Amino acid sequence: MKAGVKLPDVTFRTRVRDESIEGPNPFRWEDKTTADYFAGKRVVLFSLPGAFTPTCSTFQLPGFEKGFADFQAEGIDAIYCMSVNDSFVMNAWARDQKLENVQVIPDGSGEFTRKMGMLVAKDNLGFGNRSWRYAAIVNNGVVEAWFEEPGLSDNHGEDPYGVSSPETVLKHLKEAKAEVAA
C-alpha cells in the first residue's frame, strides 16, 4: 500500500444501539460502506491484530483516543480503529476502553484487510487470519500517508509496533503542516 491509492469498496456489518428496541440487547444490524466512513473526510485509520490484545489495548488504541484533540488540530476529522474482529467484539472492546473519540470498524471477514494487502495468518498465536499493524492518513477515501510496521509476513514471530503509533502519525502531520507553511 502507498500514498495515492483509493481504499477498497467494502460493506462492513456493524451493530448500532437503537433505543426503539426493548430488552437487554437494544442493537440492530447496520451495513456501512467504505464511503460512509471515508467520503468527504480526512481521517486516521489504524488497524491492528486484535481487540483486547496487549499492545493494541495498552498503547495504540489509548494513544489515539487520548490524542484526538491534537489530531483534530492538524486537520483530522475522525480516527478509526479497524480489526479483523466482528462487530460484537469491537463494540465490547470500545466499551471496555471507554472510547469517546475513536470509532471502531469491524472487518469481521477480513475483506477490507485482504483488499488492502494486509491480511496475514497468525496461526502461530491461534488467531487465524488477522490484520498486520498499520496506520494511514486517508483524505476522501484516498491514502495520503502510509505507516506500516516492518516484517509483513504470515506467522511473524514478533508484533512490531512504532511506525504506526499515534506519536509517529501525529509527528508526520505536524511536519507536513510545517512544510506547507514554509
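The values are calculated or read from the model by the stated rules, or taken from the named source; none is laboratory data. Predicted model, so just to flag it, every value in this text is computed and none were measured. Every residue, glycine as well, gets a Cβ built from its backbone with ideal geometry; the counts of neighbours run over all protein chains shown. Just the protein is used for accessible areas: all its heavy atoms, side chains included, with ligands, DNA and RNA removed. Shrake-Rupley method; radii C 1.70, N 1.55, O 1.52, S 1.80 Å.
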My understanding is that a pair violates if its Cα-Cα distance is over 19 Å; which of 122/171; 98/122; 6/115; 66/177 do that in this structure? 122/171; 98/122; 66/177
The correct ranking of 53, 168 by accessible area at 1.4 Å, largest first, is 168, 53
What is the sum of charges, Lys and Arg at +1 and Asp and Glu at -1, for the other residues whose Cβ falls under 12 Å from the Cβ of residue 31? +2
Put +1 on the Cβ of each Lys and Arg and -1 on the Cβ of each Asp and Glu in region 57-162; which of 151, 68, 92 then has its Cα farthest toward the positive end of the dipole? 92
Skipping prolines and chain starts, which residues have an amide H placed within reach, meaning under 5 Å, of the one on residue 129, given they are 5 or more residues away or on another chain? 122
Rounded accessible area of residue 146 (nearest 10 Å², 1.4 Å probe): 50
With every protein chain present, what accessible area does residue 71 have (1.4 Å probe, heavy atoms only), rounded to the nearest 10 Å²? 0
Whenever you get a sec, line up 133, 114 from highest to lowest accessible area (probe 1.4 Å, protein heavy atoms). 114, 133
Compute, for residue 7, the solvent-accessible surface of its heavy atoms (probe 1.4 Å) with the complete set of protein chains present, and express it in square angstrom to the nearest 10. 10
Å² per residue, accessible surface of region 56-182 at 1.4 Å: 47
In percent, what relative contact order does the chain have, based on Cα pairs under 8 Å that are 6 or more apart in sequence? 26
Hey, any idea what % of region 1-91's accessible area is carbon plus sulfur with a 1.4 Å probe? 53
Okay, helix-only estimate at 222 nm for the chain: each DSSP H run of n ≥ 4 adds -39500 (n - 2.57), divide by all residues, round to 500 deg cm²/dmol; what do you get? -7000 deg cm²/dmol
What Kirkwood radius, in Å to one decimal, follows from the Cα pairs of the chain? 16.7
